[in-house]
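The values are calculated or read from the model by the stated rules, or taken from the named source; none is laboratory data. Just so you know, these numbers come straight off a predicted model, no measurement behind them. Cβ coordinates were reconstructed from backbone atoms using ideal geometry, including for glycine residues, and neighbour counts include every protein chain displayed. Just the protein is used for accessible areas: all its heavy atoms, side chains included, with ligands, DNA and RNA removed. Shrake-Rupley method; radii C 1.70, N 1.55, O 1.52, S 1.80 Å.
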Amino acid sequence: MDVTSIDVGELRSRLRLANDVVLAHRIAKGLSLERERLTWAREIIEERVLLALEAVDIECMPRDWSWQQAAETISVQIALAIVQEQKNEPREGDV
């Protein structure tokens with residue numbers, strides 16, 4: 001799939017749930033809410049979703065397939081992987 005045609009604003013709105021999952025976990029576990037850390041997670045999610053979509057052969061997809069639904073599904077899985085990584089991160093104040 002040609003990901004250059006994807007509207008960045010629409011992509012980011014589709015990734016909002018995944019970003020919220022990462023943020024909610026950070027809040028619940030008392031992890032740092034520094035801008036750099038949150039930006040890193042958002043950029044990783046966006047980058048990996050775009051890589052996954054780029055690998056899609058649209059000709060093989062069913063007619064009702066949409067990159068929007070695929071992006072949402074993929075991004076949540078990426079967010080869950082980030083949450084797993086965060087389990088080893090020290091709480092704010094423990095550093």
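List of remarks:
For every residue, the table says whether it meets (1) outside any loop (DSSP other than H, G, I, E, B); (2) free of Cβ contacts under 8 Å to residues at least 60 places away in the same chain.
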{"site": "E47", "(1), (2)": "yes, yes"}
{"site": "L51", "(1), (2)": "yes, yes"}
{"site": "V56", "(1), (2)": "no, yes"}
{"site": "Q69", "(1), (2)": "yes, yes"}
{"site": "A81", "(1), (2)": "yes, yes"}
{"site": "Q84", "(1), (2)": "yes, yes"}
{"site": "N88", "(1), (2)": "no, yes"}
{"site": "E92", "(1), (2)": "no, no"}
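- A single member of S13, S5, S32, S66 is touching an Asp or Glu at 6+ places or on another chain (Cβ under 8 Å) and hydroxyl-bearing (S, T, Y), and it is S32.
- Take the conditions (1) within 30 Å of R91 (Cβ to Cβ); (2) buried (at least 17 other Cβ atoms within 10 Å of the Cβ); A24 misses just one of them, which is (2).
- Filter pass, T39 being open to solvent by 80 Å² or more (accessible area, probe 1.4 Å), among the β-branched types (V, I, T) and at pLDDT 95 or above: no
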